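For reference, the structure discussed in these notes is given below.
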2 protein chains.
Amino acid sequence: MDAARVLIGGEWREANFKKTFQAQNPATGETLSHAFPVSEWADCEAAVHAADEAAEQLRSVAPERIAAFLEAYARNIESSADQIVRTAHEETGLPITPRLKDVELPRTVNQLRQAAAAAREGSWARATLDTEKNIRSCFEPIGPVVVFGPNNFPFAFNGVSGGDFAAAIAAGNPVIAKAHPLHPETSRLLAEEARKAVVETGLPAATVQMIYHLANEDGLKLVGHPGVGVVAFTGSRAAGLHLKRAAEEAGKPIYLEMSSINPVVLLPGALAERPAEIAQELVDSCLAGAGQFCTSPNLILMLENPSAEELLDRIAKVFQERSPQPLLSSSGLSQMHAGVQSQVEAGATLVTGGGVAQGPGYRHENTLLRATAGQFLAAGHALQREVFGNATLAVVADVPEELQEIVGQMEGNLTGSIYSAKSGADDSLYTQLAPGLSRKVGRLLNDKMPTGVAVSPAMNHGGPYPATSHPGFTAVGIPAAMIRFAALRCYDGVRQERLPDILKDKIDNPSTWRSIDGAWVRAMERG
Amino acid sequence: MDAARVLIGGEWREANFKKTFQAQNPATGETLSHAFPVSEWADCEAAVHAADEAAEQLRSVAPERIAAFLEAYARNIESSADQIVRTAHEETGLPITPRLKDVELPRTVNQLRQAAAAAREGSWARATLDTEKNIRSCFEPIGPVVVFGPNNFPFAFNGVSGGDFAAAIAAGNPVIAKAHPLHPETSRLLAEEARKAVVETGLPAATVQMIYHLANEDGLKLVGHPGVGVVAFTGSRAAGLHLKRAAEEAGKPIYLEMSSINPVVLLPGALAERPAEIAQELVDSCLAGAGQFCTSPNLILMLENPSAEELLDRIAKVFQERSPQPLLSSSGLSQMHAGVQSQVEAGATLVTGGGVAQGPGYRHENTLLRATAGQFLAAGHALQREVFGNATLAVVADVPEELQEIVGQMEGNLTGSIYSAKSGADDSLYTQLAPGLSRKVGRLLNDKMPTGVAVSPAMNHGGPYPATSHPGFTAVGIPAAMIRFAALRCYDGVRQERLPDILKDKIDNPSTWRSIDGAWVRAMERG
């Protein structure tokens, strides 16, 4: 049996495997030719062992070299962009342009470069000095990081190239990437560019490792492995909760991004003011990536009135006109279809769509459902279950109090948006709804759709459970996202020459911000 | 049946209870007269309900008023200090002076005042502004906090007055304190001072609530209650792990400080240079509070040589001379005794002590054990089990590599100390041991015992599992400790007038540090 090799200890090694798998082109249904191994436990063990040594070696590697690696990797990806984009298109069915080539790939190399800049700057470590008591602390790398990437972003969230990867490496850790089995060849190409950059910049060989697939029980064992420092996962709630339990049972931090329906509240004044504009933004956001975004608006909340009905008509019309884009897999299609059906069973009505669409490949009709506030509230959490794909539920409430109650019953989400009139006509409704919504989400938006997560230091791509596993951390945004991959360490009475560089009285790096005796100071200011 | 009242919704209410308990004076064994209720679930439900309303109201309370409450509470404690100290002495057997009156009570009011200053300053919220993209984020109160205080610090870690309490309140949350049943009357007196301060400063009535005792199953149910935002616990590993599982199963953050043996490495040059001084510091640290400190040095690591033997002789001599102080309870005594016996069974040898001591009250002989590195390593984790009390294990290694191996096998601890020669004679040994030790602890000390945890912004009273449940957070040190009680919230495209004050372009508070477009700026600098 022949299969692609896994990247362990700096080499493409033959995997320990008994089974293989192949990806499919979801736009055609065609099975792709490469075979990839389902690794046995021995591969995990070897990767953790090598990562442990790399973690040790990385402690004496200057941040400058880690930054150089991230930048070399970004350049390498750009050099091979054509092949990488073509392969990802084949494995995911996502459009080459603008999506893969002009949006996601540039975003990915940008993340790597931002991470490089943050590693070089050093401020991410939040060095805190109490010079009078000679107590000093900072965040330091936590050890090998296992990253489970999701199916929907083959570059920007890939375990071997995405935001978690960039943040974990920039914080000084080696990464063991668990590639998503829906885009293994894309992951292989990316990992090869990473491997080359490791060699070019002389980082420890096992700084970047990658395995394609694992039996579920080995995944659970891996996240609890004593040699693993921390785990990051983006994917389904079901898989996430299994990993969460296994990691927590072993006393290990795990950061999960699991599911979100991203409510969008459209207040009547806004709908009256700019109906066409809002409809356009909404359908574009709902159908982006065939709705397979973690921030896709799965839930629209409105008050009953003619402009709400008009909006639903507009959406339905565009949903019917646009041809359905392929979903990422046949199981994604069947799960989405089951999700739509269970929303109907829970009381929602189909406005348009609802069925599996004509091929080629795995497509579902663009689907709009609606329900009354009463139906939504009566259904408990059934109408809050994320339907991953091009389906959206609109809830039309009779009175503002119903909207407030819906917000109160809402589970934790990544985002919540409120569109309100520029005239001020919706201001009192806004004041009634925003505080409650803000507490249920990681990011509150005004007059903006939630898709398109900016890589900003102020971003929070996080939120209350069950959207994520901890409401204090973001998965996007450098340097904040790096803190997940670090441990707080304190040095009490430690002699000056023995301190980590960043905690010494004088530091060489002119750009590092430190909190010294209660004031934030940039090293250059103290010379 | 008569019993003390519980503090719920701002009033001392009759508890829902079927059972009562009484505290004992552990220095005499005498049962104290007051009866306290073991609350039924209805008390928890009522407290969470009231806390939920208080959390809502606290959102519109200015930080200045929260600061005023913390300061009023500190003053009230000082006004009633005599009675509080006397009661704590009776319930814990800890000496009135210096411990309770001159150390722990001043530390406690100092913590409250530091928390007040941090609430007033506002920098704790880490406001981060991306003005170009108009994305802004900060930490905001997470909702009702349940604090489980430990047995060993009746003021400074008490659920109703200690560090967790102060940090949770300063971050803008109401607290439901679960008093420790070994010092209920002390907790009642403190809670009454808190209640008065709530009234004086006009905070929501349920900002501070307190329950004395709960059935285990109700404790587990409470930490998973949907109305609870986060849980903080300081206590035994067994109880902590039960609560951890219950909270995590409900998707709730929980911060636990569970156990630590705080290794102290005494290098040969240091022992040769200042034997008497080190012996003195060590015995004082080991016997402080009868060894019932979370940072008590339970493990001494040395290399075989005459000065190591000399040190052990000195320690043994003082251990024999000093009369054993009372432990906190009869069960604490029996657990400690069982712990010492199991260390002997695991291969350690008694140097002095080892038995239950003469009364009155619950006392154990000051106990020194020793083992070879080989014995320690062969025992797996058996010789790393915390023995909570006045017992210390010395491990004498033949060669430095053995010490390195011990450090490598060590579980997560709060602290690790290394004493080395001032002459530089130990420098190469230090370099060999410090990196490994630093990764196993939250705080690395040089030439200093770990007891006496300074309340400094740079402190880390935390560490890797199982010392705590998350290596990224500290339980001591304002403002860092406050972040545990907050959620990260982002405002994306939100209109200026709708932003929380701290995220507006211009803010009134001249003292708040914010990160604006990558630079830390104090509000006063921007006027």
Inter-residue pairs, beta-carbon under 7 Å, first more than 24 Å from B:Ala215 (Cβ to Cβ) and in the range B:23-41, second of a type in the set (A, V, I, L, M), 6+ apart: B:Asn25/B:Leu32
message: Are there strands (runs of 3 or more DSSP E) fully within the range B:250-369 with at least 2 residues that are under 29 Å from B:Ser420 (Cα atoms), free of Cβ contacts under 8 Å to residues at least 60 places away in the same chain and of a type outside the set (Asp, Glu)? List them.
response: B:349-352
task: Go through the range A:398-417 and count every residue that is more than 9 Å from chain B (Cβ to nearest Cβ), crowded, with 19+ Cβ neighbours inside 10 Å and touching a residue at least 60 places away in the same chain (Cβ under 8 Å).
output: 7
message: On the basis of being within 17 Å of A:Ser39 (Cα to Cα) and crowded, with 24+ Cβ neighbours inside 10 Å, does A:Ile176 make the cut?
response: yes
message: Checking the conditions here, which among B:Ala288, B:Ala357, B:Ala373, B:Ala316 is touching a helix residue (DSSP H, G or I) at 6+ places or on another chain (Cβ under 6 Å) and surrounded by 18 or more Cβ atoms within 10 Å (Cβ to Cβ)?
response: B:Ala373
field: strands (runs of 3 or more DSSP E) fully within the range B:80-183 counting 2 or more residues that are more than 14 Å from chain A (Cβ to nearest Cβ) and either under 30 Å from A:Ser438 (Cα atoms) or out of contact with any Phe, Trp or Tyr (no Cβ under 9 Å at 6 or more places or on another chain) (or both)
entry: B:145-148, B:175-178
message: If I filter the range B:510-520 down to residues being part of a strand (DSSP E or B) and within 8 Å of chain A (Cβ to nearest Cβ), which single residue comes out as surrounded by the fewest Cβ atoms within 10 Å (Cβ to Cβ)?
response: B:Ala519
message: Please pick out the residue among B:Thr474, B:Thr468 that is out of contact with any Pro (no Cβ under 7 Å at 6 or more places or on another chain), among the polar types (S, T, N, Q) and within 30 Å of B:Glu402 (Cβ to Cβ).
response: B:Thr468
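Just one of B:Val455, B:Val494 is at the interface with chain A (Cβ under 7 Å from one of its Cβ atoms), β-branched (Val, Ile, Thr) and not in a helix (DSSP H, G or I); which is it?
The unique qualifying residue is B:Val494.
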- request: For the range B:454-472, enumerate the residues that are surrounded by 24 or more Cβ atoms within 10 Å (Cβ to Cβ) and touching a helix residue (DSSP H, G or I) at 6+ places or on another chain (Cβ under 6 Å).
  value: B:Ser469
- prompt: Can you name every residue in the range A:424-452 that is at positive phi and facing chain B (nearest Cβ under 7 Å)?
  reply: A:Asp447
task: Within the range B:54-67, work out how many residues are buried (at least 17 other Cβ atoms within 10 Å of the Cβ) and outside any loop (DSSP other than H, G, I, E, B).
output: 6
statement: When the range A:207-248 is checked residue by residue, the ones that are more than 14 Å from every other protein chain (Cβ to nearest Cβ), in contact with a Pro (Cβ under 6 Å, 6 or more places away or on another chain) and under 15 Å from A:Arg484 (Cα atoms) are A:Thr234
message: Regarding the range B:442-453, can at least one residue be identified that is under 29 Å from the mean Cα position of the chain (by Cα), modelled with pLDDT under 95 and surrounded by fewer than 18 Cβ atoms within 10 Å (Cβ to Cβ)?
response: yes
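Yes/no matrix, rows are residues, columns are (1) within 20 Å of the chain's Cα centre (by Cα); (2) more than 27 Å from A:Val228 (Cβ to Cβ):
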{"position": "A:Ala67", "(1), (2)": "no, no"}
{"position": "A:Arg75", "(1), (2)": "no, yes"}
{"position": "A:Gln83", "(1), (2)": "no, yes"}
{"position": "A:Glu91", "(1), (2)": "yes, yes"}
{"position": "A:Val103", "(1), (2)": "yes, yes"}
{"position": "A:Ala115", "(1), (2)": "yes, no"}
{"position": "A:Arg136", "(1), (2)": "no, yes"}
{"position": "A:Pro141", "(1), (2)": "no, no"}
{"position": "A:Val145", "(1), (2)": "yes, no"}
- request: Return yes when A:Gly251 is within 14 Å of another protein chain (Cβ to nearest Cβ), more than 16 Å from A:Phe485 (Cβ to Cβ) and among the small types (Gly, Ala, Ser) and no when it is not.
  value: yes
Condition broken by B:Ile507, with the remaining ones in (1) β-branched (Val, Ile, Thr); (2) outside any helix (DSSP H, G or I); (3) within 30 Å of B:Ala238 (Cβ to Cβ) satisfied: (3)
field: Subset of the range B:474-488 [facing chain A (nearest Cβ under 7 Å) and under 13 Å from the mean Cα position of the chain (by Cα)]
entry: B:Thr474
- prompt: Out of the range B:210-247, which residues are surrounded by 21 or more Cβ atoms within 10 Å (Cβ to Cβ), part of a helix (DSSP H, G or I) and not small (Gly, Ala, Ser)?
  reply: B:Leu222, B:Val223, B:Leu243, B:Lys244
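The values are calculated or read from the model by the stated rules, or taken from the named source; none is laboratory data. A quick note: this is a predicted structure, and the numbers were derived from the prediction, not measured. Reconstructed Cβ throughout: ideal geometry from the backbone, glycine too, with neighbour counts over all protein chains shown.
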